[in-house]
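Pasting a structure below so you can have a look.
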Amino acid sequence: MRTVRALQRLSRDLVCPCPPLLFVRSWSVAQSQSCSSSSAEKPMPGNSMLRHLTSKIKATGPISVAEYMREVLTNPVMGYYVQNDMLGPDGDFITSPEISQIFGELLGIWCLSEWMGAGKPSRFQLVEFGPGRGSLANDILRVFSQLRGALGGAAVSVHLVEVSPKLSQIQAQCLTGDQSQVSASEDEPVYRQGTTTTGLPISWYRNLDDVPRGFSIYLAHEFFDALPIHKFQGTEKGWREVMVDIDPDEPGKLRLVIVPAPTLASTQLIQADEKRRHVEVCPEGGVIVQRLANRIAKDGGAALIADYGHDGTKTDTFRGFKSHELHDVLASPGSADLTADVDYSYLRRMAGATVACMGPISQKDFLKNMGIDTRLQVLLRNCADPSTRAQLIQGCDMLTNPLKMGERFQFFTMLNHSRLTRPEQSKRGKKMAPVPKMGPAPLPVAGFSELGLS
């Protein structure tokens with residue numbers, strides 16, 4: 001109970017009215033639906049990505065949806081994420097941290113909660129995958145700074161996994177001002193380093209394997225939905241893969257086809273007891289989850305994954321977004337974001353027994369459990385401007401309303417098994433053997449149970 005009360009005090013310290021935190025962001029989110037038909041738009045003249053893809057297909061035959069997504073999104077020369085700043089009102093989509101500061105603040109509390117629940121290790125790495133414009137990390141670090149007393153003397157460091165050079169520049173400006181430097185060699189595992197505006201060391205990496213080992217809290221917000229997926233269709237002859245091919249009637253367009261023969265993916269990635277007739281599988285996401293699970297099991301820590309998702313129930317969710325509108329996934333490749341809902345049942349299966357898994361739980365329930373209503377009321381009490389008050393209310397409604405983002409986004413966590421285990425203590429008498437005695441109950445996992453703020 002002592003630790004629970006300490007966490008509650010942390011939250012109350014954050015929401016105290018001196019000074020109020022008011023960083024309201026503009027927002028708009030397109031309603032999502034599947035969009036995986038053949039391309040309806042005329043291809044843009046000179047679309048180099050389209051030419052690249054058609055050349056590849058002519059040389060090797062139809063390509064998997066996973067290969068299509070990988071080329072379109074992360075090709076080192078023409079990839080959508082490599083070339084574009086796709087976030088914010090002028091981009092193709094807006095994420096939860098861009099909608100309301102409260103989202104990031106509550107995730108900051110969650111990180112502190114898991115650090116406390118693990119026994120307050122002396123070293124604390126915050127690792128974020130695909131940090132966007134840096135808004136989420138910025139809000140979390142503001143919480144860490146405001147509640148630095150709770151962190152004691154812990155050595156906190158920030159580690160960002162980002163493949164986009166353009167976005168890393170934006171993140172560096174947001175988080176460090178001009179206090180970061182790019183590595184002299186592109187082959188360096190750490191390609192940018194600096195110091196945050198709150199005084200913490202920060203580093204950028206291209207993949208998880210380069211991030212130092214040690215106790216870490218891993219955050220992946222709208223990261224897994226952009227990883228490449230394979231699509232499969234059940235047929236009378238068994239499972240067949242859906243692939244991308246050139247439209248024979250219009251050579252300048254692409255189309256989705258069901259290949260007649262089994263592929264390696266269709267024979268390896270479908271579960272024997274699968275009941276759906278159309279399935280999307282993200283093996284790259286499975287590999288990352290396994291690596292995270294191994295790190296958490298050996299080094300301690302936790303991972304929090306938040307994304308569009310489902311628990312093994314949905315089928316065709318592959319879609320594109322451009323200028324906040326749905327966009328045909330095959331039209332003008334490289335000009336729009338591509339995404340697919342995360343199958344949390346698959347991630348749980350890939351994590352196996354290595355770690356303890358909780359969720360998925362809806363964003364609405366997670367944020368309500370974290371105290372979003374309390375935080376909103378404190379901000380409103382310290383804000384007299386009618387426009388700002390309206391934006392605060394609208395932002396929270398967008399995050400929690402079941403008809404908006406409240407149910408579509410899901411939260412999932414992986415924890416070290418010791419995190420949920422009541423520790424044993426030993427009591428030794430003068431002439432007695434050690435007698436095990438149960439220690440205090442573990443701190444509840446915030447967000448997945450009520451924080452109990454008052």
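Among the candidates Arg240, Arg213, Arg206, single out the residue that is in contact with a Pro (Cβ under 8 Å, 6 or more places away or on another chain), more than 30 Å from Thr315 (Cα to Cα) and among the basic types (Lys, Arg).
Unique residue meeting the criteria: Arg206.
Does the stretch 188-200 hold any residues that are open to solvent by less than 40 Å² (accessible area, probe 1.4 Å) and either within 18 Å of Met350 (Cβ to Cβ) or not hydroxyl-bearing (Ser, Thr, Tyr) (or both), and which are they?
Scanning the stretch 188-200 gives Val190, Arg192, Gly194, Leu200.
Out of the residues in the stretch 240-276 that are of a type in the set (Gly, Ala, Ser) and in contact with a strand residue (DSSP E or B) (Cβ under 7 Å, 6 or more places away or on another chain), which is nearest to Ser48 (Cα to Cα)?
For the stretch 240-276, the residue satisfying everything is Ala265.
Looking at Leu326, Leu367, Leu376, which one is surrounded by fewer than 24 Cβ atoms within 10 Å (Cβ to Cβ) and either in a helix (DSSP H, G or I) or in contact with an Asp or Glu (Cβ under 9 Å, 6 or more places away or on another chain) (or both)?
Leu376
Separate question: Quick check on the stretch 424-448: of everything there that is surrounded by 12 or more Cβ atoms within 10 Å (Cβ to Cβ) and not hydrophobic (A, V, I, L, M, F, W, C), which residue is modelled with the lowest pLDDT?
Gln425
Moving on to the next point. Counting just the residues of the stretch 283-300 that are in contact with a helix residue (DSSP H, G or I) (Cβ under 7 Å, 6 or more places away or on another chain) and open to solvent by 10 Å² or more (accessible area, probe 1.4 Å), which one comes out farthest from His417 (Cα to Cα)?
Out of the qualifying residues, it is Ile288.
Turning to a different aspect of this structure: Output the residues belonging to the stretch 329-345 that are touching a residue at least 60 places away in the same chain (Cβ under 8 Å) and either surrounded by fewer than 18 Cβ atoms within 10 Å (Cβ to Cβ) or more than 16 Å from the chain's Cα centre (by Cα) (or both).
Listed by number, the residues that qualify are Val329, Leu330, Ala331, Ser332, Pro333, Gly334, Ser335, Ala336.
Please specify each residue of the stretch 201-213 satisfying the condition of being open to solvent by less than 30 Å² (accessible area, probe 1.4 Å) and either under 23 Å from Arg142 (Cα atoms) or part of a strand (DSSP E or B) (or both).
Ile202, Ser203, Trp204, Tyr205, Val211, listed by residue number.
The values are calculated or read from the model by the stated rules, or taken from the named source; none is laboratory data. Fair warning: this is a prediction, and the values are worked out from it, not measured in the lab. Neighbour counts run over all protein chains shown; Cβ positions are idealised from the backbone, glycine included. Surface accessibility is based on the protein's heavy atoms, side chains included, excluding ligands, DNA and RNA. Shrake-Rupley method; radii C 1.70, N 1.55, O 1.52, S 1.80 Å.
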